[in-house]
Amino acid sequence: MVEIKEKSKIGILLLGYLGDVINTSGIINCIKESRPDVSISMITLNSSVPAAKGIKGIDNIYTADKSVRKSVFNTIKFALTLRKKFDIIVVLDNSLRSAYLAYFTGAKYRIGRGGELRELFLTDVVPYLDEEKKMEIPVIEHYARCFKPLNLYKENIGTSFCYSDEDNNAVTDLLKNSGLYNQKFIGICPACHKKAKSMEYGDLVNLIKELNKQNEYKVVIVGGKDIIPLTDELKKDNTIIYYDFAGKTTFPQTAALIDKCKKFISIDTSCMHLAIARNVPTLALFYSNVYKKWGPKNLSNNALYVNESSNYTDIDTIMNKFNSLSDKKEVM
């Protein structure tokens with residue numbers, strides 16, 4: 001067991017994407033609750049900074065560009081900029097590169113999963129279990145187990161994400177200008193930059209048509225700039241009614257927009273993780289077998305649709321699952 005001294009500096013190394021970082025929020029909040037004296041830093045990619053900024057327990061953020069992933073030289077060069085900044089580094093990436101990056105920071109304790117020679121660069125090795133390799137447990141639990149050597153492991157944790165009053169006000173103005181203020185609406189994030197994760201165009205059109213039949217809800221498209229080609233295509237179809245906010249909000253504003261949805265439908269992307277973190281009842285769509293790891297952990301508030309064989313979406317099944325979800329409760 002690694003002793004955490006008073007005012008220890010802990011670095012969390014995760015060179016992952018936005019959704020990956022959001023899923024660290026639960027364990028980070030637990031650490032801060034039990035050890036408010038320690039300093040927690042996130043070491044991540046530049047592109048994931050917006051997610052790290054939304055996690056309350058993070059005190060500092062150190063960022064790397066994607067070149068760190070491309071060569072040993074770049075990895076070590078970046079690591080040397082972090083020399084002596086941490087007493088402890090917890091490596092959440094299951095990669096050899098991240099293990100030796102941690103080593104070259106000079107942190108006294110370096111904790112992570114073994115395998116693929118990673119243990120050569122770590123002081124404390126967390127077992128890499130078969131259920132983890134097969135992606136049969138939620139990613140939140142996967143990350144939390146890395147903190148066992150620090151005696152900071154907690155079970156059954158969730159996720160959270162915070163945005164500012166300014167972000168909330170910006171979204172309120174956006175809704176007012178669109179005529180949606182004080183309306184009940186459903187958010188949909190149908191696509192991302194990975195086609196294998198995205199809904200087929202025809203299925204999306206049919207889904208919106210079905211949702212349009214439920215007159216109590218308006219339909220809102222949510223997501224980043226990478227789905228604009230899809231929403232541009234949707235504009236050619238005058239048989240559906242929706243509001244297009246794709247690419248029109250920053251990451252924290254997207255969280256604020258999702259937070260105002262009564263329900264949310266999303267493919268496996270950062271918007272799905274934002275919705276779950278904000279406790280918006282979410283129907284998560286998966287077209288691969290990674291749903292046990294990356295899908296919603298709480299299926300009392302959320303639902304799953306899985307089709308591992310193709311991107312075809314059975315709209316009748318989707319609507320049944322959607323109707324089984326309760327509207328988000330208003331927080332008083």
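Read-outs: derived from the displayed coordinates by stated rules, not from any lab. As the structure is a computational prediction, the values presented were derived from the model and not from experiment. Cβ coordinates were reconstructed from backbone atoms using ideal geometry, including for glycine residues, and neighbour counts include every protein chain displayed.
Structural remarks
- P(r) for the chain, from all Cα pairs and a bin width of 10 Å, is 6, 25, 32, 22, 12, 3, 0 %, short bins first.
- Kirkwood Rh in Å, taken over all unlike Cα pairs in the stretch 76-204: 18.6
- Contour minus Cα-Cα distance for CYS162 and ASP59 (0.36 nm per residue): 35.7 nm
- A cut-off of 5 Å between modelled amide H atoms, ignoring neighbours fewer than 5 places along the same chain, links ALA303 with THR282, LEU283, ALA284.
- With the convex hull constructed from alpha-carbon coordinates only, the stretch 256-314 shows a mean projected area of 3.9 nm² over all directions.
- Solution diffusion estimate, µm²/s, Stokes-Einstein, the stretch 152-285, Kirkwood Rh from C-alpha pairs, 25 °C, viscosity 0.890 mPa s: 161
- Pairs from the list LYS225/LYS293; LYS195/LYS225; LYS32/LYS263 with a Cα-Cα gap above 22 Å: LYS225/LYS293; LYS32/LYS263.
- Here is the size of the stretch 156-233 from its Cα atoms: Rg then Dmax, 14.9, 41 Å.
- Volume in Å³ per residue [convex hull over Cα atoms, computed for the stretch 9-150]: 98
- Summarising the amide proton neighbourhood of ILE61: residues at separation of 5 or more, or on other chains, whose placed amide H is nearer than 5 Å comprise MET42.
- Extension gain from THR317 to VAL125, taking 0.36 nm per residue of separation minus the Cα-Cα distance: 64.8 nm
- Amide H contacts of VAL126: GLY112, ARG113, GLY114, each under 5 Å away and 5 or more positions distant or on a separate chain (H built 1.01 Å from N in the peptide plane; Pro and chain starts excluded).
- Backbone N under 17 Å from the LYS5 label point (7 Å along Cα→Cβ), restricted to the stretch 101-125: 106-110
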